[in-house]
1. For the stretch 28-43, indicate whether the set of residues that are over 19 Å from Gly14 (Cβ atoms) and assigned to a helix (DSSP H, G or I) is non-empty.
2. Taking the stretch 28-55 on its own, how many of its residues are loosely packed, with under 13 Cβ neighbours inside 10 Å and in contact with a helix residue (DSSP H, G or I) (Cβ under 6 Å, 6 or more places away or on another chain)?
3. Do we find a residue being at pLDDT 90 or above, crowded, with 16+ Cβ neighbours inside 10 Å and of a type in the set (Lys, Arg) anywhere in the stretch 60-77?
4. Identify, please: which residue in the stretch 1-27 is over 18 Å from Asp78 (Cα atoms) and assigned to a helix (DSSP H, G or I) and is, among those, most open to solvent (accessible area, probe 1.4 Å)?
Amino acid sequence: MGWLWAIIVGFVLGLIAKAILPGKQHSPLWLTTIFGIIGAVLGNWMAAGFGIDETKGIDWGRHALQLVAALVVVGLGDAAYSMIKGKKQTT
């Protein structure tokens with residue numbers, strides 16, 4: 001069940017990050033989901049470092065860090081994907 005949650009959260013975070021980032025992202029949906037999963041893991045890791053990973057009620061700080069990490073990962077990952085895909089098309 002943990003993997004299913006990771007995929008669902010990664011999918012949602014990836015889509016939110018794509019919607020927030022300016023411009024058009026070219027990475028496919030499956031890759032956006034992977035970027036979202038990575039962002040969620042990094043956000044959880046940062047939240048644990050700040051000591052806000054487990055709070056009473058909704059963990060707004062942890063969720064905010066997950067979203068920020070997903071924004072960074074989706075942005076950088078899409079740029080890398082575009083560079084790699086662009087180089088393959090020109091050769």
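The values are calculated or read from the model by the stated rules, or taken from the named source; none is laboratory data. This structure is a prediction, so every number in the text was calculated from the model and none was measured. Note that we place each Cβ from the backbone using ideal geometry, even for glycine, and neighbour counts take in every protein chain shown. Note: areas computed on protein heavy atoms with side chains; ligands, DNA, RNA excluded. Shrake-Rupley method; radii C 1.70, N 1.55, O 1.52, S 1.80 Å.
1. Among the residues of the stretch 28-43, not one is over 19 Å from Gly14 (Cβ atoms) and assigned to a helix (DSSP H, G or I), which makes the answer no.
2. Within the stretch 28-55, residues that are loosely packed, with under 13 Cβ neighbours inside 10 Å and in contact with a helix residue (DSSP H, G or I) (Cβ under 6 Å, 6 or more places away or on another chain) number 0.
3. There is no residue in the stretch 60-77 that is at pLDDT 90 or above, crowded, with 16+ Cβ neighbours inside 10 Å and of a type in the set (Lys, Arg).
4. Of everything passing the filter in the stretch 1-27, Trp3 is most open to solvent (accessible area, probe 1.4 Å).
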